[in-house]
Amino acid sequence: MLQHVTMNTGHLVASPRDQVLPKTVRWLAPMVRKGRGAPAGIPFTITNRGKGTALFRIGEPAGVLCACCWVEDRSAEAWGAMLATMHEIGMTWAPDTRPAVPWLAVLLLPGMAAMPVETVAQLSDLERCLAWALIESEPA
């Protein structure tokens, strides 16, 4: 179960793995390995990746910044990096608690305003699909 939190609002949704089709994860896998892609015409770039963690942005200019963590001993550091990013861009509010792993934290950026409405509607699906593709691309 992926804990999907929107950092701007604190809204947390538990997202079961079966909400993302295996064929979607397989389709995204080569793009995730490459560190970038444009599934359904929506560009993404993985900006940082470590054992059990990844940071990626969606859109160009970036409309969403995402942090994903699926290894417990990396969770505090990854969460801290997301909070630091929020502080750097001037956000003074943040969720009180870090979700259990695996988690996906998304930060909606001003670049969303430049995205077509239909793209914005697809973002949460793409965020979760990319998170599962990242999680499943790392060897156990």
Problem set entry | Residues satisfying the stated conditions in the range 30-59, i.e. of a type in the set (A, V, I, L, M, F, W, C) and either on the phi > 0 side of the Ramachandran plot or in a helix (DSSP H, G or I) (or both) | MET31, VAL32, ALA40
Exercise. Does at least one position in the range 74-86 carry a residue that is touching a Leu at 6+ places or on another chain (Cβ under 7 Å) and either among the polar types (S, T, N, Q) or free of Cβ contacts under 8 Å to residues at least 24 places away in the same chain (or both)?
Worked result: yes
Exercise. When the range 87-116 is examined, which residues are found to be touching a Leu at 6+ places or on another chain (Cβ under 8 Å) and modelled with pLDDT of 90 or more?
Worked result: PRO99, PRO102, TRP103, LEU104, VAL106, LEU107
Problem set entry | Residue match in the range 86-100 (condition: over 16 Å from GLY10 (Cβ atoms) and under 16 Å from the mean Cα position of the chain (by Cα)) | no
For this session: Just name the residue that is most open to solvent (accessible area, probe 1.4 Å) out of those in the range 87-137 that are among the charged types (D, E, K, R) and not in a loop (DSSP other than H, G, I, E, B).
Result: GLU88
Seminar exercise, completed: Only one of (1) open to solvent by less than 30 Å² (accessible area, probe 1.4 Å); (2) part of a loop (DSSP other than H, G, I, E, B) does not apply to CYS66, and that is (2)
Exercise. Across the range 23-59, which residue is nearest to VAL71 (Cα to Cα) among those that are among the aromatic types (Phe, Trp, Tyr) and in contact (Cβ under 8 Å) with a residue 24 or more places away in the chain?
Worked result: PHE56
Exercise. If you check TRP27 against the conditions, is it under 17 Å from VAL106 (Cβ atoms) and either of a type in the set (Lys, Arg) or assigned to a helix (DSSP H, G or I) (or both)?
Worked result: no
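The values are calculated or read from the model by the stated rules, or taken from the named source; none is laboratory data. For clarity, every value in this text was computed on a predicted model and none was experimentally measured. Here the Cβ is made from the backbone with ideal geometry for all residues, glycine too, and neighbour counts use every protein chain on show. In case anyone asks, the SASA skips ligands and DNA or RNA and just uses the protein heavy atoms, side chains included. Shrake-Rupley method; radii C 1.70, N 1.55, O 1.52, S 1.80 Å.
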